[in-house]
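Report on one structure; see the data block that follows.
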Amino acid sequence: EWLAQPVRDPSSLGNTLAEPVFGKYLALPTALEALSQTMGVVFRLTGSGSACFAFYTDGAESESIRQALIQQWGVGTWFCDTRISA
């Protein structure tokens with residue numbers, strides 16, 4: 001159904017498993033909300049929560065987002081900057 005109705009703003013996408021994952025790992029929603037507030041970027045949870053992702057338009061934001069994630073979760077945080085093209 002969602003394929004038939006693509007969205008222009010990927011931040012509007014949801015994940016029905018986010019609520020139970022956030023209920024179990026309380027630091028996760030707190031950190032993502034803090035990052036969203038300070039960085040102005042909407043973070044989402046993948047599937048059952050093995051990873052988080054964010055969409056942003058300016059490549060210069062990549063390093064500041066990476067640094068903010070490391071500050072929240074430590075130096076072992078894995079970060080991958082990728083591009084989606086049409």
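In region 49-81, what residues are within 20 Å of residue 13 (Cβ to Cβ), modelled with pLDDT under 85 and loosely packed, with under 11 Cβ neighbours inside 10 Å?
Hit for region 49-81 is 57, nothing else.
I need the full set of residues from region 1-44 which are modelled with pLDDT of 80 or more and not in a helix (DSSP H, G or I), in order please.
Filtering region 1-44 for residues modelled with pLDDT of 80 or more gives 15-44.
Passing the criteria: 15, 16, 17, 25, 26, 40, 41, 42, 43, 44.
Among the residues of region 37-71, which ones are over 13 Å from the mean Cα position of the chain (by Cα) and over 20 Å from residue 19 (Cα atoms)?
Of all residues in region 37-71, those over 13 Å from the mean Cα position of the chain (by Cα) come to 38, 48, 57-61, 63-64, 67, 70-71.
Across region 37-71, the qualifying residues are 38, 57, 58, 59, 60, 61, 63, 64, 67, 70, 71.
The values are calculated or read from the model by the stated rules, or taken from the named source; none is laboratory data. Since the model is a prediction, treat every value here as computed from it, not as a measurement. Cβ coordinates were reconstructed from backbone atoms using ideal geometry, including for glycine residues, and neighbour counts include every protein chain displayed.
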